[in-house]
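What follows draws every value from the coordinates through simple rules; no lab data is involved. Every value quoted in this text rests on a predicted model; they were computed, and no experiment measured them. Every residue, glycine as well, gets a Cβ built from its backbone with ideal geometry; the counts of neighbours run over all protein chains shown.
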Amino acid sequence: MKKFKHITFNPSQLFIVVFSVFIFLGTLLLKLPVSTTGVISWIDALFTAISAMTVTGLVVVDKGTGFIRFGQPFNQRSPGPPYEVRQ
């Protein structure tokens, strides 16, 4: 019987790996046809997933109309500006 080699990460490597895995999973989930009302490109899904993970709030597709109920929670990390713009 073969013994499996354990992979160990230091904390900074683990942070990068987990961060990358969540971005990859978010991209895949946003690319699903059930997530959007139309077609979203791979680069738009990747950009939206990265933006949601880093809490910058930048999106290429309008969150309110571009995503249906299944796709909206994957982009809820970035709620938008915390202030109201008045003119």
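Hey, can you rank 43-54, 17-28 by average C-beta count inside 10 Å, highest first?
Going from most to least packed, we get 43-54, 17-28.
Give the cross-link partners of Lys63 among the lysines, using a straight C-alpha distance below 16 Å as the criterion and excluding same-chain residues fewer than 8 apart.
Lys31
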